[in-house]
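The values are calculated or read from the model by the stated rules, or taken from the named source; none is laboratory data. Keep in mind it's a predicted model, so treat the numbers as computed, not measured. Note that each Cβ is placed from the backbone with ideal geometry, even for glycine, and that neighbours are counted across all protein chains shown. For the accessible areas, the whole protein counts, side chains as well, though only heavy atoms, and no ligand, DNA or RNA atoms are used. Shrake-Rupley method; radii C 1.70, N 1.55, O 1.52, S 1.80 Å.
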Amino acid sequence: MSEEPFPIGDAPRTPGRRPLVLVPGATGRVGSGLRPYLREAFDLRLFDRVPSPDVQPGESMVVGDLSHLATVLDATRGVDAVLHLACVHGLTLRFADSVPANFTATMNLLEAMRASHVTRHVYASSHHVLGAHPSTGLTPEEAADLDIAPAAVYGVGKAFGEIASAMYARRYGIKTMLIRIGNADPQVGDGRSLRMWTSARDLARLVSIGLTDDRVDCDIVYGVSRSPRPLFANARAQELGYEPLDDAADNLAADFVPYAAMGPEKGRDFIGGAYAALDMPAPEPEERS
(Lines give C-alpha, C1' and ligand atoms only; values in the text may rest on other atoms or scores of the structure.)
Protein backbone atom coordinates (compact mmCIF):
# COMPACT_ATOMS: atom_id res chain seq x y z
CA MET A 1 0.00 0.00 0.00
CA SER A 2 1.32 3.40 -0.95
CA GLU A 3 2.07 5.85 1.85
CA GLU A 4 1.88 8.97 -0.30
CA PRO A 5 0.13 11.95 1.31
CA PHE A 6 -3.55 12.39 0.61
CA PRO A 7 -5.25 15.60 -0.53
CA ILE A 8 -6.82 17.02 2.59
CA GLY A 9 -8.72 19.97 1.16
CA ASP A 10 -9.00 23.56 2.28
CA ALA A 11 -9.08 23.47 6.06
CA PRO A 12 -10.69 26.47 7.80
CA ARG A 13 -7.89 28.71 9.05
CA THR A 14 -7.53 31.38 11.66
CA PRO A 15 -4.99 33.92 10.38
CA GLY A 16 -1.48 32.96 11.38
CA ARG A 17 -2.08 29.36 12.42
CA ARG A 18 -3.41 25.97 11.36
CA PRO A 19 -6.62 24.55 12.85
CA LEU A 20 -6.06 22.97 16.24
CA VAL A 21 -7.79 19.60 16.78
CA LEU A 22 -8.22 17.95 20.17
CA VAL A 23 -7.80 14.17 19.81
CA PRO A 24 -8.99 12.18 22.85
CA GLY A 25 -7.78 8.59 22.60
CA ALA A 26 -4.80 9.68 20.52
CA THR A 27 -2.38 7.01 21.75
CA GLY A 28 -4.61 4.07 20.77
CA ARG A 29 -4.29 1.99 17.63
CA VAL A 30 -6.61 4.10 15.50
CA GLY A 31 -5.23 7.40 16.77
CA SER A 32 -1.64 6.34 16.23
CA GLY A 33 -2.46 5.35 12.66
CA LEU A 34 -4.27 8.61 11.87
CA ARG A 35 -1.81 11.09 13.32
CA PRO A 36 0.86 11.05 10.56
CA TYR A 37 -1.79 11.89 7.95
CA LEU A 38 -3.68 14.48 9.98
CA ARG A 39 -0.48 16.34 10.91
CA GLU A 40 -0.18 17.38 7.27
CA ALA A 41 -3.02 19.88 7.69
CA PHE A 42 -3.83 20.21 11.38
CA ASP A 43 -2.11 20.87 14.67
CA LEU A 44 -3.06 18.12 17.11
CA ARG A 45 -3.61 18.38 20.84
CA LEU A 46 -3.34 14.75 21.91
CA PHE A 47 -5.32 13.65 24.97
CA ASP A 48 -5.07 10.31 26.71
CA ARG A 49 -4.60 8.65 30.08
CA VAL A 50 -0.99 7.84 29.22
CA PRO A 51 1.49 10.05 27.36
CA SER A 52 2.41 9.34 23.77
CA PRO A 53 6.04 8.16 23.45
CA ASP A 54 6.48 9.93 20.11
CA VAL A 55 4.97 13.43 20.19
CA GLN A 56 5.89 15.05 16.88
CA PRO A 57 6.21 18.65 15.67
CA GLY A 58 2.71 20.05 15.33
CA GLU A 59 1.50 17.96 18.28
CA SER A 60 1.14 18.63 22.00
CA MET A 61 0.17 16.19 24.73
CA VAL A 62 -2.37 16.42 27.54
CA VAL A 63 -2.52 13.54 30.03
CA GLY A 64 -5.81 13.22 31.83
CA ASP A 65 -9.09 11.39 32.38
CA LEU A 66 -12.10 12.25 30.22
CA SER A 67 -14.45 11.39 33.07
CA HIS A 68 -13.20 14.52 34.94
CA LEU A 69 -15.13 17.46 33.51
CA ALA A 70 -12.73 20.16 34.73
CA THR A 71 -9.83 18.44 32.97
CA VAL A 72 -11.81 18.15 29.74
CA LEU A 73 -12.88 21.80 29.88
CA ASP A 74 -9.25 22.87 30.21
CA ALA A 75 -8.12 20.62 27.35
CA THR A 76 -10.83 21.88 25.01
CA ARG A 77 -10.18 25.61 25.40
CA GLY A 78 -8.81 27.18 22.26
CA VAL A 79 -9.34 24.23 19.92
CA ASP A 80 -11.14 24.48 16.58
CA ALA A 81 -12.40 20.90 16.44
CA VAL A 82 -12.59 17.61 18.33
CA LEU A 83 -11.85 14.15 16.96
CA HIS A 84 -13.24 11.81 19.61
CA LEU A 85 -11.50 8.42 19.43
CA ALA A 86 -11.43 7.42 23.10
CA CYS A 87 -13.34 4.38 24.38
CA VAL A 88 -13.00 1.08 26.18
CA HIS A 89 -14.02 -2.11 24.41
CA GLY A 90 -13.79 -5.87 24.68
CA LEU A 91 -15.91 -9.01 24.46
CA THR A 92 -16.17 -9.24 28.26
CA LEU A 93 -16.78 -5.53 28.88
CA ARG A 94 -19.38 -4.96 31.58
CA PHE A 95 -21.73 -2.00 31.49
CA ALA A 96 -20.52 -0.67 34.84
CA ASP A 97 -16.94 -0.69 33.60
CA SER A 98 -17.89 1.10 30.39
CA VAL A 99 -19.68 4.06 31.94
CA PRO A 100 -16.72 6.38 32.72
CA ALA A 101 -15.00 6.07 29.34
CA ASN A 102 -17.92 5.46 26.97
CA PHE A 103 -20.74 7.51 28.51
CA THR A 104 -19.49 10.09 31.02
CA ALA A 105 -16.47 10.97 28.88
CA THR A 106 -18.60 11.59 25.80
CA MET A 107 -20.98 13.89 27.67
CA ASN A 108 -18.05 15.76 29.21
CA LEU A 109 -16.47 16.29 25.80
CA LEU A 110 -19.72 17.50 24.25
CA GLU A 111 -20.35 19.91 27.09
CA ALA A 112 -16.77 21.20 26.81
CA MET A 113 -17.31 21.78 23.08
CA ARG A 114 -20.43 23.79 23.83
CA ALA A 115 -18.68 25.83 26.53
CA SER A 116 -15.70 26.57 24.27
CA HIS A 117 -17.81 27.24 21.15
CA VAL A 118 -16.16 24.43 19.19
CA THR A 119 -17.93 24.18 15.85
CA ARG A 120 -16.53 20.90 14.46
CA HIS A 121 -16.80 17.37 15.83
CA VAL A 122 -15.88 13.99 14.39
CA TYR A 123 -17.07 11.07 16.51
CA ALA A 124 -15.48 7.66 16.00
CA SER A 125 -18.50 5.39 16.15
CA SER A 126 -18.47 1.76 15.04
CA HIS A 127 -20.26 -0.80 12.91
CA HIS A 128 -21.02 -2.41 16.28
CA VAL A 129 -24.02 -0.09 16.67
CA LEU A 130 -25.61 -2.54 14.20
CA GLY A 131 -23.94 -5.62 15.65
CA ALA A 132 -26.99 -7.78 16.40
CA HIS A 133 -28.16 -7.74 12.79
CA PRO A 134 -27.27 -10.64 10.47
CA SER A 135 -24.70 -9.68 7.86
CA THR A 136 -26.09 -12.04 5.22
CA GLY A 137 -28.96 -11.57 2.79
CA LEU A 138 -28.63 -7.78 2.68
CA THR A 139 -27.61 -5.41 -0.06
CA PRO A 140 -24.97 -2.84 0.97
CA GLU A 141 -27.68 -0.17 0.83
CA GLU A 142 -29.93 -2.16 3.16
CA ALA A 143 -27.09 -2.83 5.60
CA ALA A 144 -26.13 0.84 5.74
CA ASP A 145 -29.71 1.80 6.58
CA LEU A 146 -30.40 -0.69 9.37
CA ASP A 147 -31.85 0.41 12.69
CA ILE A 148 -29.46 0.62 15.62
CA ALA A 149 -29.19 -2.78 17.31
CA PRO A 150 -25.96 -3.36 19.23
CA ALA A 151 -24.94 -6.88 20.16
CA ALA A 152 -23.01 -5.98 23.32
CA VAL A 153 -22.16 -3.19 25.74
CA TYR A 154 -19.43 -1.74 23.53
CA GLY A 155 -21.96 -1.11 20.76
CA VAL A 156 -24.40 0.39 23.25
CA GLY A 157 -21.75 2.94 24.20
CA LYS A 158 -21.13 3.85 20.57
CA ALA A 159 -24.87 4.18 19.93
CA PHE A 160 -25.12 6.47 22.95
CA GLY A 161 -22.25 8.54 21.54
CA GLU A 162 -24.07 8.95 18.24
CA ILE A 163 -27.30 10.03 19.94
CA ALA A 164 -25.59 12.44 22.35
CA SER A 165 -23.49 13.92 19.54
CA ALA A 166 -26.61 14.47 17.45
CA MET A 167 -28.28 16.24 20.35
CA TYR A 168 -25.41 18.72 20.69
CA ALA A 169 -25.12 19.09 16.92
CA ARG A 170 -28.76 20.07 16.59
CA ARG A 171 -29.02 22.22 19.70
CA TYR A 172 -25.72 24.07 19.43
CA GLY A 173 -24.89 24.06 15.73
CA ILE A 174 -21.79 21.84 15.99
CA LYS A 175 -21.03 20.43 12.55
CA THR A 176 -20.73 16.72 13.32
CA MET A 177 -19.64 13.65 11.40
CA LEU A 178 -20.42 10.25 12.94
CA ILE A 179 -18.06 7.68 11.41
CA ARG A 180 -19.12 4.07 11.83
CA ILE A 181 -15.68 2.52 11.55
CA GLY A 182 -15.47 -0.99 10.14
CA ASN A 183 -12.31 -2.96 10.90
CA ALA A 184 -9.25 -0.75 11.44
CA ASP A 185 -6.58 -3.39 11.97
CA PRO A 186 -3.35 -2.79 10.05
CA GLN A 187 -4.19 -5.76 7.82
CA VAL A 188 -7.31 -7.80 7.04
CA GLY A 189 -7.53 -10.81 9.32
CA ASP A 190 -10.52 -12.75 8.02
CA GLY A 191 -13.35 -12.93 5.51
CA ARG A 192 -15.75 -11.00 7.71
CA SER A 193 -13.34 -8.08 8.13
CA LEU A 194 -12.64 -8.10 4.40
CA ARG A 195 -16.12 -6.63 3.85
CA MET A 196 -15.57 -3.57 6.07
CA TRP A 197 -11.84 -2.96 6.51
CA THR A 198 -10.36 0.54 6.44
CA SER A 199 -6.79 1.69 6.03
CA ALA A 200 -5.53 4.48 8.27
CA ARG A 201 -4.97 6.60 5.18
CA ASP A 202 -8.56 6.27 3.99
CA LEU A 203 -9.96 6.84 7.45
CA ALA A 204 -7.87 9.99 7.76
CA ARG A 205 -9.31 11.23 4.47
CA LEU A 206 -12.81 10.77 5.84
CA VAL A 207 -11.93 12.44 9.15
CA SER A 208 -10.52 15.40 7.22
CA ILE A 209 -13.80 15.83 5.35
CA GLY A 210 -15.61 15.87 8.68
CA LEU A 211 -13.25 18.55 9.98
CA THR A 212 -13.35 20.82 6.93
CA ASP A 213 -16.34 20.40 4.63
CA ASP A 214 -19.08 22.99 5.13
CA ARG A 215 -21.68 20.55 3.78
CA VAL A 216 -21.30 18.43 6.92
CA ASP A 217 -24.28 18.93 9.23
CA CYS A 218 -24.91 15.86 11.38
CA ASP A 219 -23.98 13.04 9.06
CA ILE A 220 -23.54 9.28 9.46
CA VAL A 221 -20.88 7.77 7.21
CA TYR A 222 -18.98 4.47 7.17
CA GLY A 223 -15.25 4.24 7.77
CA VAL A 224 -14.40 1.66 5.11
CA SER A 225 -11.94 1.29 2.25
CA ARG A 226 -12.75 -0.47 -1.01
CA SER A 227 -13.76 -4.13 -0.82
CA PRO A 228 -14.51 -6.84 -3.39
CA ARG A 229 -17.77 -7.53 -1.51
CA PRO A 230 -18.60 -4.49 0.63
CA LEU A 231 -21.00 -4.86 3.53
CA PHE A 232 -21.99 -1.19 3.68
CA ALA A 233 -22.91 1.33 1.01
CA ASN A 234 -21.40 4.74 1.76
CA ALA A 235 -23.57 7.16 -0.21
CA ARG A 236 -23.27 10.19 2.08
CA ALA A 237 -19.50 9.89 2.30
CA GLN A 238 -19.32 9.78 -1.49
CA GLU A 239 -21.54 12.85 -1.75
CA LEU A 240 -19.04 14.65 0.47
CA GLY A 241 -16.17 13.67 -1.84
CA TYR A 242 -14.82 10.57 -0.14
CA GLU A 243 -13.08 8.19 -2.53
CA PRO A 244 -11.02 5.48 -0.79
CA LEU A 245 -7.53 4.92 -2.12
CA ASP A 246 -6.94 1.48 -0.61
CA ASP A 247 -8.54 -1.93 -1.18
CA ALA A 248 -9.05 -4.55 1.51
CA ALA A 249 -8.17 -7.32 -0.93
CA ASP A 250 -4.67 -5.87 -1.32
CA ASN A 251 -4.03 -5.90 2.43
CA LEU A 252 -4.61 -9.47 3.58
CA ALA A 253 -2.68 -10.64 6.64
CA ALA A 254 -0.29 -13.56 6.25
CA ASP A 255 -2.61 -15.67 8.45
CA PHE A 256 -5.83 -14.48 6.76
CA VAL A 257 -8.79 -16.79 7.53
CA PRO A 258 -11.29 -17.14 4.64
CA TYR A 259 -14.95 -16.63 5.44
CA ALA A 260 -15.79 -20.33 4.97
CA ALA A 261 -13.11 -21.34 7.48
CA MET A 262 -14.26 -19.06 10.28
CA GLY A 263 -15.60 -20.86 13.34
CA PRO A 264 -19.00 -20.07 14.89
CA GLU A 265 -17.33 -18.28 17.81
CA LYS A 266 -16.21 -15.59 15.34
CA GLY A 267 -19.82 -14.67 14.52
CA ARG A 268 -19.10 -14.50 10.83
CA ASP A 269 -22.80 -14.13 9.90
CA PHE A 270 -23.45 -11.16 12.19
CA ILE A 271 -22.42 -7.56 11.68
CA GLY A 272 -21.08 -7.59 15.23
CA GLY A 273 -18.99 -10.73 14.75
CA ALA A 274 -17.83 -12.34 17.98
CA TYR A 275 -19.71 -9.77 20.06
CA ALA A 276 -22.95 -11.24 18.67
CA ALA A 277 -21.81 -14.86 18.97
CA LEU A 278 -20.89 -14.79 22.65
CA ASP A 279 -23.15 -14.29 25.64
CA MET A 280 -22.94 -10.92 27.37
CA PRO A 281 -21.47 -10.62 30.86
CA ALA A 282 -23.63 -9.36 33.72
CA PRO A 283 -23.79 -5.55 33.94
CA GLU A 284 -21.81 -5.59 37.18
CA PRO A 285 -19.68 -8.24 38.90
CA GLU A 286 -21.68 -10.40 41.29
CA GLU A 287 -21.15 -9.49 44.92
CA ARG A 288 -19.50 -12.17 46.98
CA SER A 289 -20.74 -12.82 50.46
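Okay, here's what the table says:
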{"quantity": "Per-region count, the stretch 100-116, residues touching a residue at least 40 places away in the same chain (Cβ under 8 Å) and touching a Ser or Thr at 6+ places or on another chain (Cβ under 6 Å)", "calculated": "3"}
{"quantity": "Test: residue in the stretch 247-257 that is out of contact with any strand residue (DSSP E or B) (no Cβ under 6 Å at 6 or more places or on another chain) and in a loop (DSSP other than H, G, I, E, B)", "calculated": "no"}
{"quantity": "Scan of the stretch 134-152 for residues that are within 13 Å of Met196 (Cβ to Cβ) and in contact with an Asp or Glu (Cβ under 9 Å, 6 or more places away or on another chain), ordered by number", "calculated": "Ser135"}
{"quantity": "Conditions (1) in contact with a helix residue (DSSP H, G or I) (Cβ under 7 Å, 6 or more places away or on another chain); (2) open to solvent by less than 20 Å² (accessible area, probe 1.4 Å): number failed by Tyr172", "calculated": "(2)"}
{"quantity": "Residue ID - most open to solvent (accessible area, probe 1.4 Å), chosen from residues in the stretch 187-224 that are more than 19 Å from Ser32 (Cβ to Cβ) and aliphatic (A, V, I, L, M)", "calculated": "Ile220"}
{"quantity": "Residue count, the stretch 258-272 (criterion: outside any helix (DSSP H, G or I), in contact with a strand residue (DSSP E or B) (Cβ under 9 Å, 6 or more places away or on another chain) and either crowded, with 16+ Cβ neighbours inside 10 Å or of a type in the set (D, E, K, R) (or both))", "calculated": "5"}
{"quantity": "Condition check for Val23: at pLDDT 95 or above and open to solvent by 30 Å² or more (accessible area, probe 1.4 Å)", "calculated": "no"}
{"quantity": "Out of Leu46, Leu110, Leu83, Leu34, sole residue that is more than 30 Å from Glu284 (Cβ to Cβ), out of contact with any Pro (no Cβ under 9 Å at 6 or more places or on another chain), surrounded by 21 or more Cβ atoms within 10 Å (Cβ to Cβ) and not small (Gly, Ala, Ser)", "calculated": "Leu34"}
{"quantity": "Residue within the stretch 127-143 that is open to solvent by less than 20 Å² (accessible area, probe 1.4 Å), closer than 18 Å to Leu178 by Cβ, out of contact with any Lys or Arg (no Cβ under 7 Å at 6 or more places or on another chain) and not small (Gly, Ala, Ser) present", "calculated": "yes"}
{"quantity": "Options Ala166, Ala149, Ala184: the member that is surrounded by fewer than 19 Cβ atoms within 10 Å (Cβ to Cβ), hydrophobic (A, V, I, L, M, F, W, C) and under 20 Å from Gly90 (Cβ atoms)", "calculated": "Ala149"}
{"quantity": "All positions within the stretch 269-286 that are small (Gly, Ala, Ser) and over 14 Å from Asp97 (Cβ atoms)", "calculated": "Gly272, Gly273, Ala274, Ala276, Ala277"}
{"quantity": "Check on Leu252, touching a residue at least 40 places away in the same chain (Cβ under 8 Å) and surrounded by fewer than 16 Cβ atoms within 10 Å (Cβ to Cβ)", "calculated": "no"}
